[in-house]
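Quick notes on the structure that follows.
The values are calculated or read from the model by the stated rules, or taken from the named source; none is laboratory data. Predicted, not measured: the structure shown is a model, and the values here were computed from it. Here the Cβ positions follow ideal geometry from the backbone for every residue, glycine too, while neighbour counts run over all protein chains shown.
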Amino acid sequence: MKKIALVVALLLSYSFSFAQSASVEPAVFKGNQEIKITIDVTGSCLADIDDTEPLYIWMWSNKGGPNNGSWNNSAATAKMTKESDNVWSFTIIPQDYYRQAAAEFEFIGCLAKAKDGSRNPTGPCGANAEPKTADFRFDVQALKFIPQVYRVFPAKFFENDLIHIVYDRNVDDTLTGSITKAIAENEVQIVIMDYQLVGSNSWLPFVPTDPNMFKLRAVPNQTKRYIMSFNPKRTFNFPNDKRLNKIRWRFGNSDSSIRTPLIEREVQR
Amino acid sequence: MNFRKLQVLLLAALVVTFTACYPDDSEITNSSGTPKSVDPFLDINAFVGTWKLETVTQVDENAIVQKQPDYMQKMVLSELFNYDVTLNLSRPDSVGKFAPYTVTQNGEAPFYLPGGTGQWRLNLIGTPRINMTNADTALTVYPAPAFRTSDNKLTLKIDRMAGNTKVSSYVYAFTRSN
């Protein structure tokens, strides 16, 4: 009889230890998407604790962790939201919460814990166990690179950087209904360029003294890529006490009879 | 071959390997009794002198992180513009002390190191770096890793930061001209 009781007890403890669970919404996500992680602490030593003690999330990833605080004093930013008895959630955009580029994520890991995760005789788990759940892991989808016909190099730039407005005929050739594909590839050029200063909603037209400036040049050692390179601060020559907010331009042909919609980019500050 | 002979042979091979890998004395000792640099490859002698700019590359650091194709990661500016730039770094009294430098540029190629004349120093506190200051600009640039006098190359990198994130950089590769 004692043996049967022991087996039952073991089976019960086994089933309890697997009751805690975690899920993420959406189930498939990338590092730049908002996700909601829900952890059911049923079966962990955190189950049925006093509502006045919130749980905290502790996270990591293949590239390191966010600011979790310390194990015995979780950061306030890691406080979870109580959804129902024993069910807690946490909503983040991984790239923002981890301060890590979205493309670097392969997986994120997490657990729920008491603010003080150390063993504590008077804590919810007693002196022999840390007040936490098991570890959970979610895979993060890789970001897919999508080639662009029109872009700026580098993608993020400052007003006093050298920037390159790029027209990529390789990509254009793969598109149907493209506007610039109707133009011979070495005749695509900039037809209009405006800029906007910080604190103003109006756009200021840039008129180059040399009209050839808007003509694109082939990128050396690359096929079918054309660029216009310039330093916005020096080119637009706005006052030193002003800051550049955005630039925009259109591609087209020389008489502007064929032209793209305005393409706009924000300047880093 | 008995075991003792094998032991002696292995020991000899080990000694030869270590000797061959260690940098020669000129790379780890500064002249005139100045302090040694922390990193044996970052010797002040590796910087002092006259340098001719060979290549300039602009790098989109975000594209590297995102493992985008090579053409999205870098633009070789020295293929777009004709660079005629010489940099002369005078010898400081010691590592960490400022000394004069001169940049001579012919032409209008875009160049972001502080030009004209100024002061430079090799700063080995924390990440090894070079401070360059002229009348208008103070700039920190980073030498290439594993930098050695014997290479006769000087690579300086300017990082462009948005907050704590490196978004792009300019890499200037020089060759010693004297």
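For the reader, a short list of remarks on this structure follows.
- Of residues in the range A:174-184 being in a helix (DSSP H, G or I) and surrounded by fewer than 18 Cβ atoms within 10 Å (Cβ to Cβ), the one nearest to the chain's Cα centre (by Cα): A:K181
- Residue within the range A:261-268 that is among the aliphatic types (A, V, I, L, M), over 15 Å from A:Y167 (Cα atoms) and in a loop (DSSP other than H, G, I, E, B) present: yes
- Among residues of the range A:146-173, those that are within 11 Å of chain B (Cβ to nearest Cβ) and either assigned to a strand (DSSP E or B) or within 23 Å of the chain's Cα centre (by Cα) (or both), counted: 15
- Selection status of B:N164, within 14 Å of chain A (Cβ to nearest Cβ) and either in contact with a strand residue (DSSP E or B) (Cβ under 6 Å, 6 or more places away or on another chain) or surrounded by fewer than 16 Cβ atoms within 10 Å (Cβ to Cβ) (or both): yes
- Index of the failed condition, A:N221 passing every other in (1) within 12 Å of chain B (Cβ to nearest Cβ); (2) in a loop (DSSP other than H, G, I, E, B); (3) surrounded by 15 or more Cβ atoms within 10 Å (Cβ to Cβ): (3)
- Hits in the range B:134-178 (condition: more than 13 Å from the chain's Cα centre (by Cα) and within 16 Å of B:V48 (Cα to Cα)): B:S177, B:N178
- One residue from A:G31, A:G69, A:G64, A:G126 being under 30 Å from B:V65 (Cβ atoms), assigned by TED's automatic domain parsing to the domain that holds A:S21 and loosely packed, with under 13 Cβ neighbours inside 10 Å: A:G64
- Residues of the range A:95-126 that turn out to be more than 14 Å from chain B (Cβ to nearest Cβ) and either closer than 15 Å to A:F138 by Cβ or at pLDDT 95 or above (or both), as a count: 7
- Single match in A:A102, A:A76 (criterion: buried (at least 19 other Cβ atoms within 10 Å of the Cβ) and of a type in the set (A, V, I, L, M)): A:A102
- Within the option set A:N72, A:N86, A:N68, being closer than 23 Å to A:Q20 by Cβ, polar (S, T, N, Q) and under 24 Å from the mean Cα position of the chain (by Cα) holds for one residue only, A:N68.
- Residue check for A:D139: more than 23 Å from A:L262 (Cβ to Cβ) and touching a Gly at 6+ places or on another chain (Cβ under 9 Å): no
- Flag for A:A142 being within 30 Å of B:M161 (Cα to Cα), in contact with a Leu (Cβ under 6 Å, 6 or more places away or on another chain) and at pLDDT below 90: no
- Considering only residues in the range A:78-129 that are free of Cβ contacts under 8 Å to residues at least 24 places away in the same chain and part of a helix (DSSP H, G or I), the one that is farthest from A:D40 (Cα to Cα) turns out to be A:D96.
- Sole exception among (1) away from chain B (no Cβ under 14 Å); (2) modelled with pLDDT of 90 or more for A:E53, by number: (2)
- Some residue of the range A:146-155 being assigned by TED's automatic domain parsing to the domain that holds A:K224 and of a type in the set (G, A, S): yes
- Those residues of the range B:67-90 which are more than 10 Å from chain A (Cβ to nearest Cβ) and assigned to a strand (DSSP E or B), in sequence order: B:D84, B:V85, B:T86, B:L87, B:N88, B:L89
- Only one entry of B:D151, B:D159, B:D136 meets the criterion of being at pLDDT 90 or above and of a type in the set (D, E), and that entry is B:D159.
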